[in-house]
Amino acid sequence: MKHAFFLLFTGLLLILFQALPWNFLFPEMATLNLSFIIVAMAGFHGNSPGSWLLAYLLGYVLESLSGSPRGLISLTNLLALVIIRALAGFILLERMLSQVLTLFPLCAAAEMVLLAASGVTAHHSLNALMAGALLHSGIITLLSIPLLHYYNKTVRVPER
Amino acid sequence: MYSLFKKYQGFIVISFCVGCALISYSSSLKATSDTSLATRTVLNVYEPPLRAFSFLLSEARSCWDRYISLVRVQEENQELRQSLALLQEQTVGKAELALENARLRNLLLLKQQSPAEFISAEIIGRDAVGWFNTVLINKGSNDAIRKNQAVITHQGVVGRCIEVADSTSKVLLITDINSSVDALVQRTRSRGVLQGKGSSLCELTFISSADDVAQGDLVVTTGLCGVFPKGLAIGTVTTVEKAGLGLFHYVEVQPGINLNKLEEVSILLPHGS
């Protein structure tokens with residue numbers, strides 16, 4: 001229960017942060033999809049129906065606060081969860097290193113999907129956009145490390 | 001029944017989530033007039049914290065500008081006094097022209113254009129995903145705002161409302177890839193469609209190779225798309241690549257407003273609302 005509330009609350013807070021202070025403090029800098037970390041964290045620790053609902057809910061809220069086509073981010077989140085759960089059959093996803101190594105390519109893939117959906121590829125160099133998406137994913141992955149560390153040590157461990 | 005649900009609980013929840021996402025994706029492709037209840041709820045729930053954050057940030061910024069960052073204030077004051085004197089001179093001439101325009105309109109029995117009504121709003125949030133260009137404002141259906149109303153500033157066009165909740169609305173900026181505005185080049189009256197490029201620039205498409213367009217030309221709205229009134233400034237032409245053997249020029253337009261640093265906007269209301 002504590003686990004679910006922690007993820008939901010943090011996810012909604014990160015979306016709030018994405019929608020305002022980040023952009024006002026750094027207006028020229030692109031917004032990072034930080035709530036994706038929460039979706040991945042939900043996938044790393046089990047296959048409960050709550051994880052799927054959380055991924056969908058966070059996607060829906062993010063779509064409502066952005067210009068993204070409705071349903072796209074929810075679908076991307078759900079697809080990411082499917083991949084994480086499939087990977088969990090082969091690797092132990094409870095270690096920080098495996099979590100970070102899984103998060104980076106997934107985050108890059110999610111960024112590419114959004115990039116393609118936004119249509120900016122029609123007007124800009126694809127290589128530059130992909131480099132931007134990879135950079136975003138790298139920063140998101142780096143920012144996820146303290147959150148994953150805190151979650152693995154503090155919230156998740158007492159529930160086992 | 002319950003045991004069946006319990007057995008397939010995971011599968012049912014996943015199917016439900018994927019189904020909802022697919023349905024909302026397919027429904028987003030249709031142009032609907034109203035914002036869905038769920039979206040309105042999300043926007044209404046996020047409005048108070050966004051407004052509070054926005055207030056705190058703007059107070060902190062104004063405190064910095066008023067009391068700490070006062071370098072060059074004297075020079076700026078001098079420049080402003082000079083431009084005020086110049087504008088006062090121009091205003092006298094403009095008043096004469098307005099009176100003359102009114103007399104001529106009466107003479108030709110043309111309908112007088114009633115002054116547009118608008119309300120001001122503050123930007124309380126920006127796009128939560130980096131690849132799209134939308135902003136959230138602190139006015140909604142409670143303030144007579146409806147979908148597809150024009151959003152402007154004194155410097156020109158900003159965008160249009162695409163989602164409206166009770167006390168907040170989402171505005172699609174003209175730089176977004178999904179934005180299209182019917183526009184013309186003021187000097188030559190060449191008409192085209194202004195489309196966002198997803199960055200800070202726009203592209204004026206369908207400008208015929210026979211048309212004369214030059215760098216620095218002002219681009220204004222035509223009033224034909226039914227959202228923006230005629231003659232609102234949009235921006236200036238920054239790049240023109242001649243068509244060669246093609247049918248259309250490639251024309252790049254820099255919006256007159258820095259949309260990344262926008263803080264206040266005005267929403268044009270329909271007459272009599």
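The values are calculated or read from the model by the stated rules, or taken from the named source; none is laboratory data. This one's a predicted model, so the numbers in the text were calculated from it and none came from an experiment. All Cβ positions, even for glycine, are placed from backbone atoms using ideal geometry, and neighbour counts span all protein chains on display.
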Exercise. Which of the residues belonging to segment A:72-110 are without any contact (Cβ under 8 Å) to a residue 24 or more places away in the chain, over 24 Å from residue B:23 (Cα atoms) and surrounded by 20 or more Cβ atoms within 10 Å (Cβ to Cβ)?
Worked result: none
Problem set entry | 3 or more residues within 12 Å of another protein chain (Cβ to nearest Cβ): qualifying strands (runs of 3 or more DSSP E) within segment B:153-200 | B:156-164, B:169-173
For this session: Would you check which residues across segment B:205-221 are touching a Leu at 6+ places or on another chain (Cβ under 9 Å) and buried (at least 18 other Cβ atoms within 10 Å of the Cβ) and list them?
Result: B:213, B:219, B:220, B:221
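Can you say whether residue A:55 is over 26 Å from residue B:40 (Cα atoms), surrounded by 15 or more Cβ atoms within 10 Å (Cβ to Cβ) and within 14 Å of another protein chain (Cβ to nearest Cβ), as far as the supplied structure shows? Break it down into steps so the answer makes sense when it comes.
Details: over 26 Å from residue B:40 (Cα atoms): no; surrounded by 15 or more Cβ atoms within 10 Å (Cβ to Cβ): yes; within 14 Å of another protein chain (Cβ to nearest Cβ): yes.
Taking the combined requirement at face value, the residue does not satisfy it.
From the list B:67, B:46, which one is in a helix (DSSP H, G or I) and at the interface with chain A (Cβ under 7 Å from one of its Cβ atoms)? Outline the logic, then answer.
Numbers: B:67 fails: at the interface with chain A (Cβ under 7 Å from one of its Cβ atoms).
Checking each option against the conditions leaves just B:46.
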For this session: Only residues in segment B:37-54 that are surrounded by fewer than 20 Cβ atoms within 10 Å (Cβ to Cβ) count as the first member; pair them with residues that are of a type in the set (D, E, K, R), Cβ under 6 angstrom, at least 6 apart or cross-chain, and list the lot.
Result: B:44/B:166
Exercise. Exactly one of (1) buried (at least 24 other Cβ atoms within 10 Å of the Cβ); (2) modelled with pLDDT of 90 or more is unmet by residue B:133. Its number?
Worked result: (2)
For this session: Just one of (1) farther than 27 Å from residue A:68 by Cα; (2) β-branched (Val, Ile, Thr); (3) more than 14 Å from every other protein chain (Cβ to nearest Cβ) trips up residue B:239, so point out which.
Result: (3)
For this session: Output yes when any residue across segment B:6-26 is more than 8 Å from chain A (Cβ to nearest Cβ) and at pLDDT below 75, and no when none is.
Result: no
Exercise. Picking from B:59, B:75, which residue would you name as being in a helix (DSSP H, G or I), within 28 Å of the chain's Cα centre (by Cα) and surrounded by fewer than 12 Cβ atoms within 10 Å (Cβ to Cβ)?
Worked result: B:59
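Out of all the residues in segment B:135-152, which are in a loop (DSSP other than H, G, I, E, B) and more than 13 Å from the chain's Cα centre (by Cα)?
Result: B:138, B:139, B:140, B:144, B:145, B:146.
Being part of a helix (DSSP H, G or I), in contact (Cβ under 8 Å) with a residue 24 or more places away in the chain and closer than 21 Å to residue B:18 by Cα, is that true of even one residue in segment A:16-33? Give the derivation first.
Of all residues in segment A:16-33, those part of a helix (DSSP H, G or I) come to A:16-19, A:21-25.
Checking the rest, the ones that are also in contact (Cβ under 8 Å) with a residue 24 or more places away in the chain come to A:18-19.
With the extra rule that they be closer than 21 Å to residue B:18 by Cα, the set shrinks to none.
The answer is no; no qualifying residue exists.
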